[in-house]
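The values are calculated or read from the model by the stated rules, or taken from the named source; none is laboratory data. Since this is a predicted model, take the numbers as computed values, not measurements. With ideal geometry, Cβ positions are generated from the backbone for all residues, glycine too; neighbour counts draw on all protein chains shown. Calculation scope for accessible area: heavy atoms of the full protein, side chains included, ligands and nucleic acids excluded. Shrake-Rupley method; radii C 1.70, N 1.55, O 1.52, S 1.80 Å.
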Amino acid sequence: MLILKAEEIGRLDQFIASKNSDYTRSYFNNLIAEGNVQVNGKVITKSGYKLAPGDEVQVEIPAPVDTDAKPEDIPLDVVYEDDDLIIINKPQGMVVHPAAGHYEGTLVNALLAHCDGKLSDINGVIRPGIVHRLDKDTSGLMVAVKNNETHVKLADMMSRHEVVRQYRAVVYGVITSDKATIDAPIGRVDGDRRKMVVNENGKPSITHFEVVKRYTEATDVKLLLETGRTHQIRSHMTYIGHPVVGDPLYAPRRKNFGLEGQCLHSQSISFIHPRTGEKIEFTSELPSYYTDLLGKLYEL
C-alpha cells in the first residue's frame, strides 16, 4: 500500500501519478474507480476529486491477476521493432488481449511468443505490452511496448496528444461538409456496457474528419483523433448520423455489404521515440476488405 501526503490543492489522479512513475495515470484512474484509493480513511471513486494540503492518500495496488494467456506462434505483420517497442499492422478480426470468450489467438498471445515474454506489465499480466488498443474488427497500426519505462513515457505522450493517429473509415450516407470537427463528450450507456454514446457526463472527446470521396450510399473519410476514447470514431460518427459501414454494434440493421465488422482502419501513426528522440512515422495500405467495399460502391 502507498501512503501519501498531499502538499497542495490538486486532482487526486494527478497527485498519485506524480508520486509513482512506475504506473500510468490511466492505471491509477482505474484503481480509483474500483475503490482502491482512500482519502483520510474514506474511499474515493472520482479521479477528479480535489485534494487539500495535508490530506492523507492511501493507494492499494492489487497483486497481478494470473491469466491463462500463453505464447502462441501466430504470424504478425511487424512494421517496426526495437528493444523498446513494436508496431504491428493488426488484421481485422484479431482480438487484442484475452477476455471472456477470447482466451486464445489474441494479439497478446502472439506478442508473448514474438517478444519472448519481454513486454511491459503496467497494465497487468492480462494486457502485457498494451499501451493502447484497437477493437477486434478495427484493422491497422498499433503500438505495443517492451518495458515499463517506455510504457509510462508513451502513455504520457498519448495523454498530451503527442502521438498522432490517423484512421480511414467508410461511413453510411453522403457527408456534405468537406471537413469538420466533432467535439462531444463520450460515456457508457446505462444498461449496455458495450456501447459508448455522446452524453453530457462523458469524457471530453474530439475527432477531426475530412472527406476522401463520396459515393451514392456512403462516404470514404480520413479521421484524426485528438483524444482516444473507447469506440470514439464509431460513437462520434453515429452521433452525427453517419455510422461506420458494417458496424455490428452501432448500425446492426444496416446493409453491411458482406463485411465481417466495421470498415475502420488505423492507417498511420507518428510520434517521437521516447528513448532515442527520433521521429517514428508509418503508414499502412488499406486492407483488402476496405478496397473490396470501395469497389462495390458507386461514385457520385
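Are there any pairs, at least 6 apart or on different chains, whose C-beta atoms fall under 6 Å, with the first in the stretch 1-30 and at pLDDT below 80 and the second of a type in the set (S, T, N, Q) and exposed (fewer than 12 other Cβ atoms within 10 Å of the Cβ), and if so, which?
Cβ pairs passing all conditions: none.
Residues to consider are PRO248, PRO274, PRO243, PRO252; find the one that is touching a helix residue (DSSP H, G or I) at 6+ places or on another chain (Cβ under 8 Å) and either open to solvent by 20 Å² or more (accessible area, probe 1.4 Å) or hydrophobic (A, V, I, L, M, F, W, C) (or both).
PRO274
Any idea which of (1) under 28 Å from GLU285 (Cβ atoms); (2) exposed (fewer than 13 other Cβ atoms within 10 Å of the Cβ) is the one ARG234 doesn't satisfy?
(2)
Which of the residues belonging to the stretch 138-151 are assigned to a loop (DSSP other than H, G, I, E, B) and buried (at least 23 other Cβ atoms within 10 Å of the Cβ)?
Correct list: THR138 only.
Please work out which residue is modelled with the lowest pLDDT, limiting yourself to the stretch 58-76 and to residues that are closer than 26 Å to LYS203 by Cβ and open to solvent by 40 Å² or more (accessible area, probe 1.4 Å).
Only one residue tops the list, namely VAL65.
Answer with yes or no whether LEU119 is part of a loop (DSSP other than H, G, I, E, B) and at pLDDT 90 or above. Steps first, please.
Working: part of a loop (DSSP other than H, G, I, E, B): yes; at pLDDT 90 or above: yes.
So LEU119 passes the test.
Given (1) crowded, with 16+ Cβ neighbours inside 10 Å; (2) farther than 19 Å from GLY140 by Cβ, where does TYR289 come up short, assuming only one miss?
Condition (2) is where TYR289 drops out.
Grab the strands (runs of 3 or more DSSP E) fully contained in the stretch 181-300, keeping just those with 3 or more residues being under 23 Å from VAL95 (Cβ atoms). Talk me through it step by step, then tell me what you get.
Numbers: elements: 186-189, 192-198, 206-214, 218-225, 264-272, 279-283.
Strands (runs of 3 or more DSSP E) meeting the threshold: 186-189, 192-198, 264-272.
Could you list, in sequence order, all residues of the stretch 40-57 that are aliphatic (A, V, I, L, M), open to solvent by less than 30 Å² (accessible area, probe 1.4 Å) and farther than 23 Å from GLY202 by Cβ?
Within the stretch 40-57, LEU51, VAL57 qualify.
Looking at the stretch 164-185 only, could you name the residues that are buried (at least 22 other Cβ atoms within 10 Å of the Cβ) and β-branched (Val, Ile, Thr)?
Within the stretch 164-185, VAL170, VAL171 qualify.
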